[in-house]
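The values are calculated or read from the model by the stated rules, or taken from the named source; none is laboratory data. No experiment lies behind these values; they were computed from the predicted model shown. Please note: Cβ atoms are built from the backbone with ideal geometry, for glycine as well, and neighbour counts cover all protein chains shown. Note: areas computed on protein heavy atoms with side chains; ligands, DNA, RNA excluded. Shrake-Rupley method; radii C 1.70, N 1.55, O 1.52, S 1.80 Å.
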Amino acid sequence: MAFVKPIKEQGIIISKTHIDAKPARIDYSGKEWPASEEKFLVEVISCDEDDFNKENGILNGTRVNYPVDKATFDKVRFGMWAKVKFEASQYGKEKDLNIKPLAFALIENK
């Protein structure tokens with residue numbers, strides 16, 4: 001049985017990554033690789049407001065990469081705050097946690 005929970009939190013941007021688009025190709029071993037689109041990812045570490053304090057920072061944080069559009073990506077700077085939403089689910093005997101990013105929005109004036 002799976003446990004699925006949507007979570008909304010505030011977090012701090014810790015990195016951003018641009019991945020170039022790639023055409024479809026076949027490698028030397030004959031394996032086919034499909035084309036991929038250009039991607040803009042923003043990594044955020046977030047936590048519940050009960051797990052944040054000014055002395056210790058973020059405790060029990062969750063790191064998630066959020067896909068964003070180019071305009072948002074261009075605005076993003078390290079240390080900016082964001083509102084994020086993700087879905088956490090647990091599957092299997094080991095209760096592995098699977099995180100699915102759902103929403104990302106910059107907090108401009110924090």
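Structure notes:
- Residue list for segment 63-77, filter: exposed (fewer than 10 other Cβ atoms within 10 Å of the Cβ) and under 14 Å from the mean Cα position of the chain (by Cα): 69
- One residue alone among 56, 109, 60, 65 is among the polar types (S, T, N, Q) and touching a Ser or Thr at 6+ places or on another chain (Cβ under 9 Å), and that residue is 65.
- Residue list for segment 44-62, filter: of a type in the set (Asp, Glu) and in contact with a strand residue (DSSP E or B) (Cβ under 9 Å, 6 or more places away or on another chain): 48, 49, 51
- Looking across segment 29-42, the residues that are open to solvent by less than 70 Å² (accessible area, probe 1.4 Å) and touching a residue at least 24 places away in the same chain (Cβ under 8 Å) come down to 40, 41, 42.
- Evaluation of residue 58 against the conditions (1) closer than 28 Å to residue 108 by Cβ; (2) open to solvent by 70 Å² or more (accessible area, probe 1.4 Å); (3) not charged (D, E, K, R) shows that the sole unmet condition is (2).
- Across segment 78-105, the qualifying residues are those that are within 16 Å of residue 61 (Cβ to Cβ) and free of Cβ contacts under 8 Å to residues at least 60 places away in the same chain, and the one among them that is most open to solvent (accessible area, probe 1.4 Å) is 97.
- For segment 21-59, a residue qualifies if it is closer than 28 Å to residue 81 by Cα and aromatic (Phe, Trp, Tyr), and the qualifying residues are 40, 52.
- Pairs where the first residue, in segment 43-69, is closer than 21 Å to residue 102 by Cβ and in contact (Cβ under 8 Å) with a residue 12 or more places away in the chain and the second is polar (S, T, N, Q) and open to solvent by 90 Å² or more (accessible area, probe 1.4 Å), C-beta under 9 Å, 6+ apart: 47/60; 48/60
- Residue pairs meeting the criteria (Cβ under 7 Å; at least 6 apart or on separate chains; first closer than 19 Å to residue 83 by Cα and of a type in the set (D, E, K, R), in segment 7-20; second outside any strand (DSSP E or B) and open to solvent by less than 40 Å² (accessible area, probe 1.4 Å)): 16/73; 16/76
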